[in-house]
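Since every read-out is calculated from the coordinates, none of them should be taken as a lab result. For clarity, every value in this text was computed on a predicted model and none was experimentally measured. Quick reminder, even Gly has a Cβ in these numbers, built from the backbone with ideal geometry, and neighbours come from all protein chains shown.
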Amino acid sequence: MSASEAEAAILAAPTAPIGPSYRYQLAAALRTDGAPVHGVDRRLLADVIDVPPTRAWSTALHPRENGGGEPFSPQIVMNGQRTLLPEDLGVEHEAPLRAVAQASANPFVQGIVFDVLWVRFGLHTDARAAKMHALPRPG
């Protein structure tokens, strides 16, 4: 996927079925240099799209009962550093990310961005939007 295809994919509905590698292809294409996408830094948007969910929401929402933890986990942890998690987002990221999710016709982008916003900022409207646009979770 090219950088221009990734930019278009953020706001447009997919024209073909989304496969398991879609998340990673979209994020990788966004990590190139270029102008912000709908007002959001490309690398930040790539990191948000690339945040991997834990195995199952039931584990994340009821950790004591299911032996789980958080709804998202780092993709990579190395030398005391890790990839982005929702708690790394600042309040200055909230409105631009929400605007991207609201402007997008891509249910995958809407689902993951609203999911991350819900976990980070706790607004029930984000949870509702994430559920409405959710794709099946692994596990």
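With a cut-off of 18 Å on the backbone N, the residues of region 86-104 near the modelled label site 7 Å out from Thr125 along Cα-Cβ are 91-104. Working value for region 70-139: equivalent-ellipsoid semi-axes of 21, 15, 11 Å, each the square root of 5 times a Cα gyration tensor eigenvalue, largest first. Taking the average, over residues, of other Cβ atoms within 10 Å as the packing measure, peptides 111-117, 22-28, 86-92, 124-130 rank 111-117, 22-28, 124-130, 86-92 from highest down.
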